[in-house]
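Visitor: Take a look at this one; I'll ask things after.
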Amino acid sequence: MAYTKPTNYKERPIVIIGAGTLGMRIALMMATRDGEVRIYDPSSEQRSKANDFIQQQLPNLLARFPGRSKGHIVLFDDTCKAVENAWIIFEAIPEKLELKKKIFSDLDKFAPIDAILASNSSSFPSSQLIEQVSERGRTRVVNAHFYMPPIQNAVEIMSCGFTDQEVINTLMDTLPTYGGLVPFEVQKESIGFIFNRVWAAIKRECLEVVAEGISTPEDIDRIFMVNTGISMGPFREMDQIGLDVILEIEEYYATLNPSLPTGPRELLHKYIEKGKLGVKSGCGFYSYKT
Ligand code: NAD
């Protein structure tokens, strides 16, 4: 059965599965329009943390969209109940393949037949999540990869290989109506998305330039700011994300492409061995101790 956007989608709930760093932010964006936004997370602490975050952030965000009424957040501790009558479900659970395969299998069984099932995974193309999803269900599965809304509002949409093109068209048309999200269609399956692949290359070369002793993190950040007008250079940005996370990502890319230079990973190891993980440890390429 071909997909068509339900005519009553505005009256049906949007569901977020997993209310961590990204899940709570996706829910925030979805709450910038009238309607019900449901959050499911097995952790009650995480559910209330997400709710607090949204209630705190939403007024500022809504101020950018005069005349809009806010969405209604409802917290759930049961997946089946949470997905009842949903028109779209965003998965934002930890980056563990088996966990994600299981949740997509459950969503295929319990979500409405026409619900879009969107994964926020940063490294798994949705084609890797559908092993236990029915043939019919696969036409509704897609990657919808967010960054850090409401500051970074790009969303990358990528087919699982079976996704009905109308599912992608619906996301492209509809997401901009939620807090000004800006969707981009990834034209072909990719490990890593458009922006984070390009950003990975920039990070890698910056690290290599330091590893070769050609420049320093401070000077590279300064030259970036002078030449591009950005407010924060790549090394400060890496400190924000966490150098352990940056290393994990780089190691993953290196398993896919063994010819990548080793200098960036060696440099990151040196910092991490000294406990310099970035902002979260008080020191990385820069010191954040007061
Ligand atoms: P996180 O660890 O902050 O949050 C994960 C949440 O999922 C937690 O609240 C946890 O309680 C919950 N959870 C665990 N098992 C669950 C289950 N079976 N069902 C429902 N919820 C469950 O993780 P995160 O950083 O928000 O990442 C989530 C996803 O978003 C990952 O796939 C990641 O690749 C992707 N992502 C993360 C970022 C980022 O910067 N953190 C950016 C883009 C995409």
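Visitor: Apply 1/(1 + (r/R0)^6) to the Cβ-Cβ distance of K188 and F65, taking R0 = 45 Å, and write down the FRET efficiency to the nearest 0.05.
Guide: On the way: r = 34 Å, r/R0 = 0.75.
Taking R0 as 45 Å, the efficiency between K188 and F65 is 0.85.
Visitor: Calculate how steeply helix 97-110 sits against the longest principal axis of the alpha-carbon atoms of the chain, using the helix alpha-carbon long axis, and give the answer as 0 to 90 degrees to the nearest 10.
Guide: Between helix and principal axis, roughly 10 degrees.
Visitor: Same structure again: Report the FRET efficiency, 1/(1 + (r/R0)^6), for H269 and E166, where r is their Cβ-Cβ distance and R0 is 51 Å, rounded to 0.05.
Guide: Details: r = 47 Å, r/R0 = 0.92.
So the FRET efficiency works out to roughly 0.65.
Visitor: Any idea what the relative contact order of the chain is, in percent, if you count C-alpha pairs under 8 Å spaced at least 6 apart?
Guide: Relative CO of the chain lands at 13 percent.
Visitor: Just the Kirkwood number for the chain, please: inverse of mean 1/r across all distinct Cα pairs, in Å, one decimal.
Guide: About 20.3 Å for the chain.
Visitor: Could you tell me how many degrees, from 0 to 90 and to the nearest 10, lie between the Cα long axis of helix 44-62 and the main elongation axis, the longest principal axis, of the Cα atoms of the chain?
Guide: Helix 44-62 and the main axis of the chain meet at about 90 degrees.
Visitor: Continuing with this model, one more query. What share of the DSSP beta bridges in the chain is antiparallel, in percent to the nearest 5?
Guide: 25 percent
Visitor: Continuing with this model, one more query. How much of the accessible area of the chain, probe 1.4 Å, is carbon plus sulfur, in whole percent?
Guide: Looking at the chain in its full context, I get 54 percent from C and S.
Visitor: Sticking with this one: So what's the angle, to the nearest 10 degrees on a 0 to 90 scale, between helix 217-228 and the longest Cα principal axis of the chain?
Guide: In the chain, helix 217-228 runs at an angle near 60 degrees to the longest axis.
Visitor: Solvent-accessible area of F195, probe 1.4 Å, all protein chains present, reported in Å² to the nearest ten, please.
Guide: F195 has an accessible surface of roughly 120 Å² with all protein chains in place.
Visitor: Something else about it: Go through D52, D78 and list them by solvent-accessible area, largest first, probe radius 1.4 Å. Let's see the in-between values first.
Guide: Details: D52 100, D78 55 Å².
Output order, biggest surface exposure first: D52, D78.
Visitor: In a Gaussian network model over the chain where Cα atoms closer than 10 Å are linked, find which of E212, E84, E250 has the largest mean-square fluctuation.
Guide: Top of the fluctuation ranking is E212.
Visitor: Can you tell me the relative contact order of segment 195-281? Whole percent, Cα pairs under 8 Å, sequence separation 6 or more.
Guide: Relative CO of segment 195-281 lands at 33 percent.
Visitor: Cβ under 12 Å from G233's Cβ, G233 left aside: what net charge do those residues give with Lys, Arg +1 and Asp, Glu -1?
Guide: Working: positive: K203, R222, R236; negative: E218, D219, D221, E237, D239.
Taking every Cβ under 12 Å from that of G233, the sum is -2.
Visitor: Might you tell me the accessible area per residue for segment 9-185, computed with a 1.4 Å probe and given in Å²?
Guide: 41 Å²
Visitor: What is the local net charge at K10, summed over the other residues whose Cβ is closer than 9 Å to its Cβ (Lys, Arg +1; Asp, Glu -1)?
Guide: Result for the neighbourhood of K10: 0.
Visitor: List the lysines whose Cα sits under 23 Å from the Cα of K276, skipping any in the same chain fewer than 8 residues away.
Guide: K203, K289
Visitor: Could you tell me which of the pairs K10/K96; K101/K270; K100/K274; K5/K81; K5/K96 are separated by over 25 angstrom between their Cα atoms in the structure shown?
Guide: K10/K96; K101/K270; K100/K274; K5/K96
Visitor: 222 nm [θ] for the chain, helices only, -39500 (n - 2.57) per DSSP H run of 4+, per residue, to 500?
Guide: So the calculated ellipticity at 222 nm is -13000 deg cm²/dmol.
Visitor: Further question: Under 14 Å from the Cβ of G213, count the other residues' Cβ atoms, weight Lys and Arg +1, Asp and Glu -1, and hand me the total.
Guide: Charge balance near G213 sits at -3.
The values are calculated or read from the model by the stated rules, or taken from the named source; none is laboratory data. What you see is a predicted model; the values in this text were computed from it and never measured. Cβ sites come from the backbone with ideal geometry, for glycine too, and all protein chains shown count toward neighbours. We work out accessible area using only protein heavy atoms, side chains counted, and drop any ligands, DNA or RNA first. Shrake-Rupley method; radii C 1.70, N 1.55, O 1.52, S 1.80 Å.
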